[in-house]
Amino acid sequence: MNAYAENVFGEYDTRVRGIMISASELDVRHGPILYLEDVSVSFDGFKALNDLSLYIDAGELRCLIGPNGAGKTTLMDVITGKTRPDTGSVFFGQTIDLLKMDEPSIAQAGICRKFQKPSVFDALTVFENLELALKTDRRTWSTLFHRLNGEQRDRIEQIIETIGLGTCHQLRAGALSHGQKQWLEIGMLLMQEPKVMLVDEPIAGMTHQEIERTAELLLSLQGHHSIVVVEHDMEFVRSIASKVTVLHEGSVLTEGTMDEVQNDPRVIQVYLGG
Ligand SMILES: Nc1ncnc2c1ncn2[C@@H]1O[C@H](COP(=O)(O)OP(=O)(O)OP(=O)(O)O)[C@@H](O)[C@H]1O
Ligand SMILES: [Mg+2]
C-alpha cells in the first residue's frame, strides 16, 4: 500500500514509522496545535533545554526571544525531530506524538522549518522554484515530468503574490535580492501547506525595507498557519508579535505581550547579563 494514498476525507496519510496516521487525526478542538511539556535536552551533561513547556495555538504567530544559547534553535530541533529530548512530551494536536515520528514524517504531517540560509535554486526562475517545491511534495502525486494543471498554476501564482514577488516571477532566483530570496523560500514552504512553520532569524542581513515587508508577510500568514518566529531584533518582534515567549537557560522565563516582557525585571536582568 502506498504510504501517501489519499484517504476518504480527501486528506493525505503519512507513514509514521510504519504506523499510518491521517491528517484528520490532527485534533485541535480542545487545545493547542503544538505542545511541549517538561522537555529536557542535554549535550554532554549541559542542559540546553531544561523542563521546558510551551503551547502554541492554531493560527497564532508566536515570537520566541532569549539571549544567545537560551535554547531557541534546540527547541526547533526537537519539534522537527532533528534532536530527541531526554525527557518530556511533544504533541501535534491532541493525539499525534511527535516523539514517535522521524524527521521526514514530521515534515510530511505539516510542520516545516525555514533555516537562515535560503536554499533556493539560483538557476531556476521564481515560478520554477515554486513548481519544484510542489513537485517534490510527495502528497501531490505529480512527478518532475508532469505538466502542471490549471489549479496548480493558480496556486503558484497566488503564492507569488503572497510573497510579494508578483513582478519577478520569470526572474531567475539568482538575480533576486537577499530579502526576496528569503521570501521565495517562505513561498516554497507555503507550497506544502504547512500547519506549523518554524522560522529561525528571518531578517538577518535584510535591509530596513525588506524587514518591513517580512513583517507584513508573516502577519498575513497568521490565522492560516501557526508560526513560531525566533528573532533577536526587538523592533521587528514588536512589529509582529501579539505574544512573546522569553527563553533563558533552556526554560521559559516568561510570556506575554511585548510590553509585558520588556518591562519584566527578570527579562531585563537576563538581557543585561546580570
Ligand atoms: N549539538 C550540540 N552539541 C553540544 N552543545 C550544543 C549543541 N547544540 C546546541 N548546543 C548548546 O546548547 C545551548 C543552546 O543552544 P541553541 O543553539 O539552542 O541556542 P539559541 O537560543 O538558538 O542561541 P542563538 O540565539 O545564539 O542562536 C548552547 O549553549 C549551545 O552551545
Ligand atoms: Mg539559534
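Where a number appears in this text, it was derived from the coordinates with a stated rule and is not lab data. These figures come from a predicted structure and were not determined experimentally. Neighbour counts run over all protein chains shown; Cβ positions are idealised from the backbone, glycine included.
Quick check: net charge around D77, other residues with Cβ under 11 Å of its Cβ, Lys/Arg +1 and Asp/Glu -1?
Summing Lys/Arg as +1 and Asp/Glu as -1 gives +2.
Can you list the residues, at least 5 places off or on another chain, whose amide H is less than 5 Å from the amide H of T125, using H built in the peptide plane?
A173
Quick one: what are the phi-derived ³J(HN,Hα) couplings along segment 62-68, Karplus 6.51/-1.76/1.60 with θ = phi - 60°, whole Hz, x for glycine and proline?
For segment 62-68, the Karplus-derived couplings read 10, 9, 10, 10, x, x, 3 Hz, x marking Gly and Pro.
For the peptides 79-87, 43-51, what is the packing order when you average, over each peptide's residues, the other Cβ atoms within 10 Å and list the highest mean first?
Result, highest mean Cβ count within 10 Å first: 79-87, 43-51.
Can you list the residues, at least 5 places off or on another chain, whose amide H is less than 5 Å from the amide H of I96, using H built in the peptide plane?
Those qualifying (amide H under 5 Å, at least 5 residues apart or on another chain) are D27.
Express in whole angstrom the spacing between the alpha-carbon centres of segment 57-94 and segment 179-233.
Spelled out, the Cα-based centre of one part sits 17 Å from the other.
Across segment 163-173, in residue order, what do the Karplus-derived ³J(HN,Hα) couplings come to in whole Hz, using 6.51 cos²θ - 1.76 cosθ + 1.60 with θ = phi - 60° and x for Gly and Pro?
Rounded to whole hertz, the list is 8, x, 10, x, 8, 10, 6, 9, 7, 5, 4.
Compute from the Cα atoms of segment 196-257 the Rg and the Dmax, the latter being the longest Cα-Cα distance, and quote both in angstrom.
11.9, 34
Across segment 191-202, in residue order, what do the Karplus-derived ³J(HN,Hα) couplings come to in whole Hz, using 6.51 cos²θ - 1.76 cosθ + 1.60 with θ = phi - 60° and x for Gly and Pro?
4, 8, 6, x, 8, 10, 10, 10, 10, 9, 6, x
Calculate, in whole percent, how much of the Cα-Cα pair population of the chain lies beyond 23 Å.
55
Normalising by the residue count of the chain, find the relative contact order in percent from Cα pairs under 8 Å and 6+ residues apart.
Reported relative contact order: 24 percent.
So which lysines can K47 reach, going by Cα to Cα under 17 Å and dropping same-chain residues fewer than 8 places off?
K47 reaches K72, K82.
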